Amino acid sequence: MPINIVLKDQSIKVNLTEELTIYSVMEFRDALVGHLQPGVDISVDLSQVTEVDTAGLQWLLALKGLNVVQRVEFCHHSKAVIDALELSGLSGTFDDTIVISSEARV
Amino acid sequence: MTASDVQKLFMTEAEELLTEMEDALLSLEADSENIELINQLFRAMHTIKGAAGIFNYSAIVDFTHPIETSIDKVRKNELKIDCALIALLLKCKDHTWALVNAAVEDDEAALNTLSIQSQLILTELGRHENIESCFPQTIAAEPITPERIEGHYLDTGHWLISLDFRADTLRNGLDPLSFIRYLHQLGQVLEVICLSHKLPSFEACDFESCFLRYRIIFAGNCTKEQIESVFEFAQDDCDIQILPSQKISESFQALIEQLNPSENQRLGEILLSIGAITEKELAKSLHLQSDNADDSTTKKLGEVLIANQLVDKPVVEQALKKQTQAREQAQTIRVDSNRLGQLINLVGELVTASAAMKVMVDRYHFLDANDLVGCVEHLVQEIRENALQLRMVQIGETFSRFRRVVRDVSNELGKQIELTIQGGESELDKIVVEKINDPLTHLVRNALDHGIEQPQERINAGKSAVGHLMLNAFHDSGHIVIEVTDDGAGLNPERIRKKAELLGLVDVNQVLSHAEILRLAFEPGLSTKEKASNLSGRGVGMDVVKRNIEALRGSVELDSELGKGTKITITLPLTLAIIDGFMVGAANENYVIPLNMVEECVELNQGEWHEQQKNYISLRGELMPFIRLKSFFNIPNANQYNHRESLVVVRFGRTKAGIVVDKLFGEQQTVIKPLGKMFQHLKGLSGATILGTGDIALILDVQGLITEVSISAKKYHHVALIDE
Amino acid sequence: MKKILVVDDSASIRHVVSIALRGAGYEVIDACDGKDALSKLNGDKINLIISDVNMPNMDGISFLKEVKKHPRYKFTPVIMLTTEAGRDKMEEGRMAGAKAWVVKPFQPPQMLDAVAKLCLP
């Protein structure tokens with residue numbers, strides 16, 4: 001499963017692998033949506049994302065915009081993610097959460 | 001910068017090759033299979049391209065290369081040569097020559113303008129070959145902004161590209177990211193703004209639909225068309241707008257200004273030619289226009305373009321200006337007014353010569369020539385009318401200038417005055433228009449200053465607070481009449497009379513009619529305004545006005561009612577140069593009466609008229625003053641000539657008078673020659689003319705005569721009455 | 001590396017296009033008609049499909065319709081190739097979801113251009 005969710009107390013750690021594209025976003029959404037509760041912290045590791053398209057960007061944006069949860073954080077953005085954010089002018093939006101992973105693949 | 005010898009050589013060679021190319025193309029029209037001709041075409045483009053490459057004339061290289069390729073295809077039978085292609089290649093040949101010239105002269109501005117045409121021609125060529133345009137690869141695009149040379153990207157001006165993607169975009173296999181990435185290849189993407197406000201919440205979002213919109217600031221050495229082509233596949237899924245920045249907009253305006261106004265260019269064509277809109281945008285707009293054609297509010301193309309943000313307003317306005325320029329240029333031609341004056345003088349001479357010829361023909365009874373003479377006369381008449389017409393201008397422009405005067409003066413004086421203009425389209429001779437300006441101004445200022453009262457005063461008098469001033473012009477029997485009317489305080493006849501008595505113009509006991517008293521206002525020294533204002537009232541005004549108008553062979557009348565208002569009527573001849581005259585004889589002298597004032601002629605033996613007392617005549621019961629020309633002018637030995645007398649009834653304005661003459665000659669085109677300075681103030685004469693015989697005829701100043709006659713007639717009558 | 005599927009019954013076209021694409025850094029798989037192409041869609045990632053319209057066995061539009069049904073490939077950008085004479089097919093193609101068209105004969109750079117506009121970075 002390209003999306004890996006680890007729940008621990010009030011924190012959810014999400015690990016995405018492979019594509020974050022129109023082919024995977026609905027699946028990713030469905031996997032995560034049930035866990036969205038007030039007071040929950042979500043951390044999404046993007047280090048293994050190989051490809052991002054507009055659908056994927058929308059997913060990231062929508063997730064970031066969640067107000068039901070306590071906090072949403074993205075980390076270890078892979079090159080594919082960074083490139084997509086830059087092209088779409090969204091780097092600034094995700095600025096506080098961009099941490100360039102030393103193991104960035106692709 | 002002069003071309004060096006080698007460059008000159010290039011130009012000569014290019015000229016030869018292009019001439020060969022043209023010859024070949026023209027021959028191919030009849031002989032399209034001729035390989036030798038096709039090779040000639042290829043050779044021309046190939047050689048020019050090569051040579052241009054050596055000189056680094058990239059514009060020429062970039063243009064000729066695809067053409068060479070196309071011709072090569074023809075050579076290889078991959079492309080058929082038909083009429084359309086030949087026509088297109090002829091265009092290419094012309095354009096290449098233009099490029100060669102511009103390049104050798106190192107004319108940056110010309111190259112910039114030409115580059116757009118290069119694009120357009122090559123697009124046509126590409127279309128002809130069924131190849132969709134692919135500019136980025138095959139042509140190094142020439143920028144449209146003059147700042148290219150500076151080499152500063154940011155100075156080239158930028159575009160705002162607005163992309164509103166529709167919901168199904170992603171599902172259709174398209175992705176905004178690929179287009180944005182492509183833009184990076186085309187030029188500089190300065191900023192990307194992603195609008196995500198339409199994105200639903202995470203839980204409910206259908207991520208397969210597209211909710212994102214983009215606004216991109218883009219700078220690049222490319223045309224609007226090239227930017228548009230980036231999104232060619234997204235036409236159905238995205239609302240695209242490409243908006244020029246101020247700089248680019250200004251450069252569009254500059255380009256439009258540089259265009260040669262060519263007749264019948266439509267707004268869309270003008271804008272397309274400079275790259276302000278693309279073909280697709282134009283097609284879409286025209287479509288929108290015709291879609292709404294049923295609405296009562298059919299929008300003009302310019303409005304549609306602006307409303308849809310395809311072109312901004314200043315650019316449209318500039319293009320419309322250029323259109324008007326073209327139309328005006330097509331319809332008008334500038335003529336030096338001196339030349340026109342010369343022409344009219346010559347026409348005058350022609351009239352005289354033609355008359356002389358007629359006299360000659362009559363004298364020697366060249367009967368055969370009668371028709372010819374009649375024909376020449378008729379033609380001369382036409383030429384005369386046309387020539388005079390050339391100098392006619394509408395009085396409206398003069399009238400309109402007074403709007404400003406009225407506004408400024410009413411502000412200055414604290415009055416409220418409304419100006420109405422009527423009959424502005426009435427035409428009169430340009431010179432008359434110029435000369436009437438000063439007198440008119442004085443009269444208008446008079447009305448504003450003395451005529452119309454202060455608002456409070458007006459209210460007290462039961463009038464509206466706002467005063468009215470009207471300028472009216474119309475034609476009346478060969479004259480133009482200008483009326484200046486105000487609803488102000490009017491002239492005070494009492495005051496005028498008192499002043500006139502003071503000045504000794506009028507005897508205390510003299511009985512004067514209302515009209516006569518008013519006429520006194522034209523006498524020098526008669527300003528009844530107690531305090532001379534800044535504008536008028538120094539008492540030098542009205543008489544100068546009258547003199548100026550009379551110098552134009554016009555006249556001025558005054559009508560006023562105390563408390564109600566004043567009307568000043570100026571009558572001017574339509575032209576100063578040539579008039580239709582009616583020639584009469586008194587004793588052995590010839591006189592000309594302006595034909596438009598002649599009412600009728602009655603011969604003595606008809607018994608319809610007879611003298612009543614000395615200066616009056618009764619014609620069919622109607623009484624009018626008259627003069628006997630030979631008496632009036634004291635022609636010596638007049639009684640030697642006892643002709644049967646005739647009466648010419650002249651009318652001027654409302655006044656009629658009779659002129660008794662000895663002979664009636666008939667209509668005569670009269671070229672007015674002014675009397676010498678010495679004779680300017682002769683009463684009753686307004687000029688002279690040279691007849692075909694070489695004799696001189698004096699032109700009667702009918703207005704002056706009538707006035708003289710009326711006054712003296714009344715005087716006499718008055719005296720006669722008193723005597724009785 | 002991006003992968004492109006080229007479908008055309010003309011070997012020379014496949015050849016020319018493949019060379020151009022490979023030269024531009026793409027990986028190319030080719031097929032000679034719709035059926036053959038479908039068989040090549042085995043689950044691997046395909047970034048773009050270039051397909052001719054007039055082909056035996058299964059023409060381009062039918063192929064496109066099949067692709068649109070395939071869960072793994074339904075959102076893949078497709079460039080259809082057509083001739084001037086075949087322009088009337090474009091409407092039908094559009095209805096089937098074909099957004100990008102290149103008209104034959106075309107220059108390789110033109111093809112690369114179209115690919116660049118549609119292929120995700």
Problem set entry | Point-to-point label distance, B:Q246-B:S58, nm (Cα→Cβ direction, 7 Å offset) | 3.0
Exercise. What list of ³J(HN,Hα) values in whole Hz, one per residue of region B:361-366 in order, does the Karplus curve 6.51 cos²θ - 1.76 cosθ + 1.60 (θ = phi - 60°) give from phi, with Gly and Pro shown as x?
Worked result: 4, 5, 4, 9, 6, 7
Seminar exercise, completed: Taking every C-alpha to C-alpha distance in region B:164-212 and binning by 5 Å from 0, the per-bin percentages run 4, 18, 25, 22, 17, 9, 4, 1
Exercise. Taking the alpha-carbon centroid of each part, what is the distance from region B:223-288 to region B:157-206 in angstrom?
Worked result: 22
For this session: Let me know the charge dipole size of chain C about its Cα centre in debye, to the nearest 20, where only the beta-carbon of Lys, Arg (+1) and Asp, Glu (-1) is charged.
Result: 520
Seminar exercise, completed: Here, B:E397 and B:F665, labelled 7 Å along Cα→Cβ, have an inter-label distance in nm of 3.8
For this session: Using only Cα atoms, locate the centre of region C:49-92 and the centre of region B:654-668, then give the distance between them in Å, rounded to an integer.
Result: 98
Problem set entry | Anisotropy class of region C:3-118 from Cα gyration tensor, a/c 1.5 cut | rounded
Seminar exercise, completed: If R0 = 60 Å, then B:T693 and B:D336, at their Cβ-Cβ distance, give a FRET efficiency to the nearest 0.05 of 0.95
Exercise. Considering only the other residues whose Cβ falls under 10 Å of the Cβ of B:I570, what net charge follows from Lys and Arg at +1 and Asp and Glu at -1?
Worked result: -1
For this session: Could you point to the residue in A:L60, B:L199, B:M21 farthest towards the positive end of the protein assembly as shown's charge dipole, with +1 and -1 charges on the Cβ of Lys/Arg and Asp/Glu respectively?
Result: B:L199
Seminar exercise, completed: Burial-style ranking of B:109-120, B:581-592, average other-beta-carbon count within 10 Å with highest first, yields B:581-592, B:109-120
Problem set entry | Only Lys, Arg (+1) and Asp, Glu (-1) charged, at Cβ; the protein assembly as shown dipole about Cα centre in debye | 2560
For this session: Work from the charge dipole of region B:24-70 (Cβ charges, +1 for Lys and Arg, -1 for Asp and Glu, about the Cα centre) and give the residue of B:I54, B:N34, B:A44 farthest towards its positive end.
Result: B:I54
For this session: Measure nothing fancy, just the Cα-based angle from helix B:35-54's long axis to the longest principal axis of chain B, in degrees from 0 to 90, nearest 10.
Result: 90
Seminar exercise, completed: Ordered by fewest other Cβ atoms within 10 Å, a rough proxy for footprinting exposure, B:D312, B:D438, C:D36, B:D336 read B:D336, B:D438, C:D36, B:D312
Exercise. Going by alpha carbons, how many degrees (0 to 90, nearest 10) lie between the helix axis of B:108-128 and the longest principal axis of chain B?
Worked result: 60
Exercise. Ordered by residue, what ³J(HN,Hα) values in Hz, to whole numbers, does region B:305-317 give under the Karplus form 6.51 cos²θ - 1.76 cosθ + 1.60, where θ = phi - 60° and Gly and Pro are x?
Worked result: 4, 5, 4, 8, 6, 8, 9, 8, 3, x, 5, 4, 5
Problem set entry | Highest-first arrangement of C:88-94, B:165-171, where packing means the average Cβ count within 10 Å | B:165-171, C:88-94
Problem set entry | Average beta carbon contacts from partner chains per residue of A:44-51, 10 Å cutoff | 1
Exercise. Dipole size in debye (nearest 20) for chain B around its Cα centre, Lys and Arg Cβ +1, Asp and Glu Cβ -1?
Worked result: 3540
Exercise. How do B:H128, B:H65 rank when sorted from fewest to most other Cβ atoms within 10 Å of their own Cβ?
Worked result: B:H128, B:H65
For this session: For region B:360-425, calculate the relative contact order in percent as a whole number, restricting contacts to Cα pairs under 8 Å that are 6 or more residues apart.
Result: 28
For this session: Output the relative contact order of chain C, whole-number percent, from Cα pairs under 8 angstrom with separation of 6+ residues.
Result: 24
Problem set entry | Overall form of the protein assembly as shown per C-alpha gyration tensor (a/c, 1.5; a/b vs b/c) | prolate
For this session: Report, as an integer, the average count of C-beta atoms from other chains found within 10 Å of each Cβ along B:194-201.
Result: 4
For this session: Would you pull out the residues with amide H under 5 Å of B:L170's amide H, same chain only if 5 or more places away, H placed 1.01 Å from N?
Result: B:C210
Seminar exercise, completed: Longest principal axis of chain B (C-alpha) makes with the long axis of helix B:541-551 (C-alpha) an angle, in degrees to the nearest 10, of 80
Exercise. How do the peptides B:218-226, B:551-559 rank, highest first, by the average count of neighbouring beta carbon atoms within 10 Å per residue?
Worked result: B:218-226, B:551-559
Exercise. Which far-off residues, 5 or more places away or on another chain, put their amide H under 5 Å from the one on B:A688, with H placed in the peptide plane?
Worked result: B:K673, B:L675, B:I699
Problem set entry | Selection from C:M111, B:A109, B:N411 lying farthest towards where the dipole of the protein assembly as shown points positive, charges on Cβ | B:N411
Exercise. Okay, which of region B:29-52 sit inside 17 Å, backbone N to the point 7 Å along the Cα-Cβ direction of B:V6?
Worked result: B:48-52
For this session: Work out, step by step, the length gained on full extension between B:N637 and B:D106: first 0.36 nm times the residue separation, then minus their alpha carbon distance; give nm to one decimal.
Result: 182.6 nm
Problem set entry | Amide H partners (placed H, <5 Å) of A:I42, local residues excluded | A:I12, A:R71, A:V72, A:E73
Problem set entry | Residue order, fewest to most surrounding Cβ atoms within 10 angstrom, among B:S631, B:S27, B:S196, A:S24 | B:S631, B:S27, B:S196, A:S24
For this session: Using the Kirkwood radius over Cα pairs, work out the Stokes-Einstein diffusion coefficient for chain B at 4 °C and 1.567 mPa s, in µm²/s as a whole number.
Result: 38
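The numbers here are math on the coordinates, done by the rules we state, and not lab data. As the structure is a computational prediction, the values presented were derived from the model and not from experiment. Because the Cβ atoms are built from the backbone with ideal geometry, glycine has one as well, and the counts that use them run over all protein chains shown.
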